[in-house]
1. Farther than 30 Å from residue 266 by Cβ and in contact (Cβ under 8 Å) with a residue 60 or more places away in the chain: does that describe residue 139?
2. Looking at residue 147 and the list (1) out of contact with any strand residue (DSSP E or B) (no Cβ under 6 Å at 6 or more places or on another chain); (2) free of Cβ contacts under 8 Å to residues at least 60 places away in the same chain; (3) not assigned by TED's automatic domain parsing to the domain that holds residue 13, which single condition is not satisfied?
3. Residues to consider are 166, 175; find the one that is part of a strand (DSSP E or B), out of contact with any helix residue (DSSP H, G or I) (no Cβ under 8 Å at 6 or more places or on another chain) and within 16 Å of the ligand (Cβ to nearest atom).
4. Just to verify a result, which residue in region 140-163, among those that are assigned to a loop (DSSP other than H, G, I, E, B) and surrounded by 20 or more Cβ atoms within 10 Å (Cβ to Cβ), is farthest from the ligand (Cβ to nearest atom)?
5. I'd like to verify a number: residues in region 10-46 that are within 16 Å of the ligand (Cβ to nearest atom) and more than 19 Å from residue 63 (Cα to Cα), how many?
6. Given (1) buried (at least 18 other Cβ atoms within 10 Å of the Cβ); (2) more than 19 Å from residue 233 (Cβ to Cβ); (3) within 12 Å of the ligand (Cβ to nearest atom), where does residue 131 come up short, assuming only one miss?
7. What strands (runs of 3 or more DSSP E), lying completely within region 188-246, carry at least 1 residues that are surrounded by 22 or more Cβ atoms within 10 Å (Cβ to Cβ)?
8. Anything in region 196-205 that is within 11 Å of the ligand (Cβ to nearest atom) and either under 18 Å from residue 269 (Cβ atoms) or without any contact (Cβ under 8 Å) to a residue 60 or more places away in the chain (or both)? List them, or say none.
Ligand code: PMP
């Protein structure tokens with residue numbers, strides 16, 4: 001049985017209920033975080049909790065728990081769900097209040113945490129297809145907001161076009177995917193858009209930038225134009241669940257050689273090695 005955490009209580013997921021006037025339901029007034037667990041061990045927990053704290057601060061929601069309490073609660077949830085590999089979903093909303101846009105006073109935030117099974121990705125031999133669309137989202141994409149309608153509509157376009165992901169373009173520049181960050185390789189140099197208000201600061205993105213730097217593979221966090229995207233030798237997606245995935249078709253055009261890239265293969269191996277090191281040390 002899947003166990004969830006809701007407002008101080010561990011209970012079967014099916015029994016976890018929230019009132020309809022929760023501001024998360026009414027306004028999408030809340031934030032979330034997604035943390036991977038490999039064989040019972042959290043990966044990059046501090047980084048994920050830091051991003052959770054940043055998101056809360058950016059929406060003026062007081063963090064309901066100290067960092068140590070978050071860790072304790074999450075580890076208890078992992079144990080309740082039999083250890084193993086899981087994805088922990090954490091959501092905090094501004095709580096239950098009369099429906100009015102402005103912040104309610106003295107309202108307790110709603111805290112929900114769930115666990116779902118995580119099948120670690122394998123190193124693929126075939127790349128994925130992606131499409132591009134204009135980035136129709138708001139200008140605070142650095143907040144991991146639960147209001148994901150833009151992302152939902154954009155990802156659905158990918159599915160409707162038999163693609164893995166929709167890569168987004170704003171004002172002639174690459175931002176990110178509907179639920180992923182994007183890397184491109186041009187003449188042996190790896191590029192990924194800089195962290196600003198136009199993208200989510202992906203934890204996998206940061207790990208990949210670090211392992212590339214440590215391995216002396218040139219990697220620049222600089223703006224990537226649509227033209228650079230369309231002429232890239234390699235394109236990769238990163239996310240907690242995908243880790244780093246190769247793209248071989250962009251809007252039905254072949255990327256590079258049409259095969260998974262050599263730099264991607266190295267990046268994949270570096271990421272796996274780093275993950276193993278960190279998990280062994282924990
Ligand atoms: N960008 C967006 C919009 C996302 O929703 C996500 C998370 N799925 C990512 C990037 C990747 O972030 P992370 O590596 O922390 O999973």
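1. no
2. Only one criterion in (1) out of contact with any strand residue (DSSP E or B) (no Cβ under 6 Å at 6 or more places or on another chain); (2) free of Cβ contacts under 8 Å to residues at least 60 places away in the same chain; (3) not assigned by TED's automatic domain parsing to the domain that holds residue 13 is unmet by residue 147, namely (2).
3. 175
4. Looking at residues that are assigned to a loop (DSSP other than H, G, I, E, B) and surrounded by 20 or more Cβ atoms within 10 Å (Cβ to Cβ), I get 163.
5. 6
6. Against the list (1) buried (at least 18 other Cβ atoms within 10 Å of the Cβ); (2) more than 19 Å from residue 233 (Cβ to Cβ); (3) within 12 Å of the ligand (Cβ to nearest atom), residue 131 comes up short only on (3).
7. Fully inside region 188-246 and qualifying: 189-192, 234-239.
8. Matches in region 196-205: 199, 200, 202, 204, 205.
The values are calculated or read from the model by the stated rules, or taken from the named source; none is laboratory data. Computed from a predicted structure; not experimentally measured. Counting neighbours? That spans all protein chains shown, and the Cβs are built from the backbone with ideal geometry, glycine included.
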